[in-house]
Structures are given as structure tokens and as C-alpha cells.
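In what follows, a structure is listed as C-alpha cells, so that the remarks can point back to it.
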Amino acid sequence: MDIVFLLILALFPGIVLLYIILFMDRNEKEPLGLVLTTMLLGALSLIPTAILEKALGALPIYGGGIISKAIMISFVQVAWVEELAKLTAVFIVAWRNKNFNEENDGIVYMGASALGFAMLENVFYVLSYGFSVGIMRSITAMPLHCFTGVLMGYYVGRAKFAATGNERKRNLLKGFFLAYFLHGLYDALIFTQTPAALLILPIVVGVAVFGVKLMKKGRALSIARAAETTTPAPAPVEDTSVQQELLLRIDPKKQLWKLIMGRALLIVSGLFWALLLLGVAGDTQKFKSEVLEVILGGILLSFIPIVIGLILEISYRRKKKLFKKLTASQQTMILAFPPGETFH
């Protein structure tokens with residue numbers, strides 16, 4: 001039973017993150033079989049990765065102080081190998097597949113490969129080190145792997161449809177080195193085994209926020225590509241038409257999922273903290289020697305849900321405010337220039 005619970009703990013965050021990636025890919029859904037195949041190969045790439053990392057670990061270059069050693073291990077032995085393994089899985093399975101037909105597909109397939117890798121790695125860590133490590137990795141390592149995959153995937157998608165070979169290479173290198181640097185920085189902070197390791201939390205949040213923005217950009221590129229291939233060259237449109245289209249896109253009714261999901265996360269996090277504090281207060285003798293650890297565990301467990309909830313809440317409020325502003329502007333224009341009236 002304990003093993004089943006630990007396996008759920010190891011795999012569940014990856015399933016949630018995959019759902020988010022697929023949910024964002026609403027323009028043209030990718031075949032689930034191809035996504036899962038890419039995910040599986042990403043997981044299996046952990047085997048050659050472990051072998052290569054072991055071989056690189058034998059190099060006589062990891063001496064010196066704690067910080068220099070952490071940097072060398074992160075950037076020479078680990079980060080580039082793992083990011084290259086994820087990218088290779090996408091090249092083998094999806095790159096030449098006919099379903100890879102828009103920019104956002106790069107995000108979907110790279111995200112799937114990265115999550116496959118991270119989930120299998122998570123299984124080994126959780127089964128070896130237990131519940132606390134599983135919780136920690138669920139809110140740090142898993143999102144880090146996922147969103148560095150998303151970042152690289154954005155540029156992989158751009159590379160796939162680049163106009164020239166040089167542009168393709170630039171996009172691939174840009175995506176790879178961005179993911180490599182962020183992954184290496186994350187690992188280096190952990191390997192120092194100092195309080196500096198706490199900096200991984202804002203790094204993971206920053207990478208996740210940046211990743212979500214690129215997911216939106218990728219989707220916009222895909223929508224634009226679909227419009228180009230399915231409709232003739234658009235005729236010039238009036239500003240009012242553009243404004244009307246923008247109003248439809250940011251209509252609060254269409255953004256309601258952000259409000260619901262964001263507040264649900266915040267409410268659940270609030271209930272979690274209420275129960276946690278009541279439990280500690282109600283049995284102080286039991287938790288007397290572990291109060292700090294319990295509080296730290298609570299922070300780690302609720303940190304990502306609270307941040308995501310706040311981001312969704314703020315995004316909804318901003319869109320709602322912009323919608324009201326544009327609606328008021330449109331009403332002013334209608335009053336100032338009634339339809340059908342001619343001005344000279």
C-alpha cells in the first residue's frame with residue numbers, strides 16, 4: 001500500500017502538468033497516442049542519460065570548493081545531458097511526423113518528453129527516499145523539468161517552421177541553451193547544500209510563469225498559421241472590427257475558468273493551512289519538536305498552488321478591467337458617431 005501511495009505521489013504532478021499543456025493546445029489537438037509515445041521515449045531516455053552522467057562523473061574536474069564543485073556537476077555532468085535526452089526523444093518520435101504541423105506542437109511534444117523523463121526519475125527518487133522527498137520534488141523538480149521542456153519546445157516549434165536553415169539552427173540552439181542554463185542553475189543551487197538552495201523556489205515560479213507566457217505565444221502562432229492556411233488574404237478591417245474581436249477574446253465570461261480555478265486553489269490552500277495550524281495547536285506536545293519542519297512542509301506544499309491561484313486571479317481581474325475599458329470606449333464612439341451618419 002505504501003508503494004502504491006508513493007507511486008501516485010511520484011506520478012500525479014506530472015499527469016496534472018501534462019493536462020495543463022494539452023488544455024492549452026486547444027487550436028488543434030495532438031493525437032494522444034503520439035503524445036504518450038513521446039512521453040514514453042522521454043522516460044526511457046533516462047537510461048542512456050544515467051550511463052552518460054556516470055561516465056562524466058569520472059572526469060577529474062570536480063574538485064575545489066562547494067560552490068565550484070556544484071557548478072561543475074550541474075553544468076558539465078547533469079543539465080546538458082538531460083536536456084539533450086529530452087530533445088532527442090522529440091526528434092526521434094515527433095519531429096518528422098505529419099501531426100507536427102504548427103508551432104505550438106513543439107511545446108506539446110517537448111513538454112511530454114520532459115514530463116516522461118521527470119516522472120520516471122521521480123519514481124526512483126520517491127521509492128528510494130520516501131514521502132518528504134516526493135513532496136519536495138513535486139513542487140520543484142517536476143515543474144522545473146516540465147517548463148524547461150516548454151521553453152525549449154517553443155523554440156523547437158519556431159525552428160520547425162523557420163524560413164531558413166540558419167534560422168532553424170538559431171531557434172534550436174536558443175531553446176536548448178535557455179533550458180540548459182535554467183536547469184543547470186537549479187541543480188547548482190541544490191548541490192551547494194547551503195541556504196542558497198532555497199532560491200530554487202523563486203526560480204521554479206519564474207520558469208513556470210515564463211513557460212505559461214510562451215505557451216500562450218505558441219498557441220497564438222498556431223492560430224495565426226491556421227488562419228493563413230484556411231482563409232484567403234484578409235481584407236483591411238476597420239478599427240471597430242479589431243476592437244470587437246479583442247472584446248470577444250477578453251470577455252470575462254470566457255475568462256471565468258481562471259477565476260474559478262484560481263479561487264479554488266486559494267480556498268483549498270487556505271483550508272489546508274487552517275487544518276494544519278489547528279492540528280499543531282491542538283496537539284502541541286506531539287509537534288513540539290517538529291513545529292518548524294511542519295510549517296516548512298506546509299509552505300513547500302502550498303507555495304505553488306497559492307502562486308498559481310494568485311496569477312490566475314490577477315489575470316482575470318486585468319482582463320475584466322480591460323474589457324470594461326474597451327466597452328466604455330466603444331460606447332463613447334457609438335454615441336459620438338452614430339451608425340449611418342455621414343461626416344464632412
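Within the range 17-46, take every residue that is over 14 Å from Gly111 (Cα atoms) and surrounded by fewer than 14 Cβ atoms within 10 Å (Cβ to Cβ) and give me the one that is modelled with the lowest pLDDT.
Arg26
Of all the helices (runs of 4 or more DSSP H) wholly in the range 1-97, which have at least 3 residues that are among the aliphatic types (A, V, I, L, M) and touching a Gly at 6+ places or on another chain (Cβ under 9 Å)?
Working: elements: 2-24, 32-44, 46-57, 66-72, 79-93.
Where helices (runs of 4 or more DSSP H) fall fully within the range 1-97 and carry at least 3 residues being among the aliphatic types (A, V, I, L, M) and touching a Gly at 6+ places or on another chain (Cβ under 9 Å), they are 2-24, 32-44, 79-93.
Kindly indicate which of Val108, Val93, Val78 is among the β-branched types (Val, Ile, Thr) and within 24 Å of Ala220 (Cα to Cα).
Unique residue meeting the criteria: Val108.
Take the range 103-137 and flag every residue that is of a type in the set (Asp, Glu), surrounded by fewer than 24 Cβ atoms within 10 Å (Cβ to Cβ) and either free of Cβ contacts under 8 Å to residues at least 12 places away in the same chain or in a loop (DSSP other than H, G, I, E, B) (or both). Can you show your working first?
First pass over the range 103-137, keeping only residues of a type in the set (Asp, Glu): 103, 105, 121.
Filter once more, so that each one left must be surrounded by fewer than 24 Cβ atoms within 10 Å (Cβ to Cβ): 121.
Across the range 103-137, there are no qualifying residues.
Inspect all residues belonging to the range 171-178 and state whether any of them is assigned to a helix (DSSP H, G or I) and touching a Ser or Thr at 6+ places or on another chain (Cβ under 9 Å).
Quick first cut of the range 171-178, residues assigned to a helix (DSSP H, G or I) only: 171-178.
Keeping just the survivors that are touching a Ser or Thr at 6+ places or on another chain (Cβ under 9 Å) gives 178.
The answer is yes, given that some residue of the range 171-178 is assigned to a helix (DSSP H, G or I) and touching a Ser or Thr at 6+ places or on another chain (Cβ under 9 Å).
Identify all residues within the range 144-169 that are over 16 Å from Phe91 (Cα atoms) and of a type in the set (Val, Ile, Thr); write none if there are none.
Hits for the range 144-169 are Thr148, Thr164.
I'd like to verify a number: residues in the range 170-224 that are polar (S, T, N, Q), crowded, with 20+ Cβ neighbours inside 10 Å and touching a residue at least 24 places away in the same chain (Cβ under 8 Å), how many? Quick ask: steps written out before the conclusion?
Narrowing the range 170-224 to residues polar (S, T, N, Q): 171, 192-194, 222.
Going one step further and asking which of them are crowded, with 20+ Cβ neighbours inside 10 Å, we end up with 171, 222.
From what is left, the residues that are touching a residue at least 24 places away in the same chain (Cβ under 8 Å) are 222.
So the answer is 1.
Scan (1) farther than 18 Å from Ala118 by Cβ; (2) in contact with a Phe, Trp or Tyr (Cβ under 8 Å, 6 or more places away or on another chain); (3) among the charged types (D, E, K, R) for the single condition Glu82 breaks and write down its number.
(1)
Given Leu278, Leu292, Leu310, which one is modelled with pLDDT of 65 or more and surrounded by fewer than 11 Cβ atoms within 10 Å (Cβ to Cβ)?
Working: Leu292 fails: modelled with pLDDT of 65 or more; Leu310 fails: surrounded by fewer than 11 Cβ atoms within 10 Å (Cβ to Cβ).
After applying the criteria, what remains is Leu278.
Would you check if there is a residue in the range 144-162 being at pLDDT below 95 and not in a helix (DSSP H, G or I)?
Yes, because at least one residue in the range 144-162 is at pLDDT below 95 and not in a helix (DSSP H, G or I).
In the set Val76, Val93, Val4, Val108, which member is out of contact with any strand residue (DSSP E or B) (no Cβ under 7 Å at 6 or more places or on another chain) and within 24 Å of Val126 (Cβ to Cβ)?
Numbers: Val76 fails: within 24 Å of Val126 (Cβ to Cβ); Val93 fails: within 24 Å of Val126 (Cβ to Cβ); Val108 fails: within 24 Å of Val126 (Cβ to Cβ).
It is Val4.
The values are calculated or read from the model by the stated rules, or taken from the named source; none is laboratory data. Predicted model, so just to flag it, every value in this text is computed and none were measured. With ideal geometry, Cβ positions are generated from the backbone for all residues, glycine too; neighbour counts draw on all protein chains shown.
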